[in-house]
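Before any comments, here is the structure.
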Amino acid sequence: MAQKKWSDLTIGQRRALGVVGAVEVVLTAAAWRDLARRPAREVRGPKVVWALASFVQPVGPLLYFAKGRR
């Protein structure tokens, strides 16, 4: 199956991709901000690992908020 180009997508598909992308950016930024402000004792595991895990989209930030904070 050939990949679709942006111009091949419908307006609805473009909007959906834009919304999903924006949500991922906001979640990642929120995770990074929370991680930077939270003391290390309130984070399960090393902060640097959670910072790197937040780049695994969309699982990383969600996992941090669900399991990474005490």
Pseudo-spin-label distance E24 to V59, built 7 Å along Cα→Cβ, given in nm, is 1.4 nm
Order of S54, S7 - criterion: other Cβ atoms within 10 Å of each residue's Cβ, fewest first: S7, S54
Nearby lysines by direct alpha-carbon distance to K67 (threshold 30 angstrom, same-chain neighbours under 8 apart not counted): K47
For A36 and A2 in one chain, what is 0.36 nm times their gap in residues minus the Cα-Cα distance, to one decimal in nm? 8.1 nm
Using only the Cα atoms of the chain, what semi-axes does the equivalent ellipsoid have when each is the square root of 5 times a gyration tensor eigenvalue? Give whole Å, largest first. 32, 11, 8
Computed [θ] at 222 nm, deg cm²/dmol, the chain (DSSP H ≥ 4; -39,500 (n - 2.57); rounded to nearest 500): -17500 deg cm²/dmol
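FYI, it's all coordinate maths here, none of it is from the lab. A quick note: this is a predicted structure, and the numbers were derived from the prediction, not measured. Every residue, glycine as well, gets a Cβ built from its backbone with ideal geometry; the counts of neighbours run over all protein chains shown.
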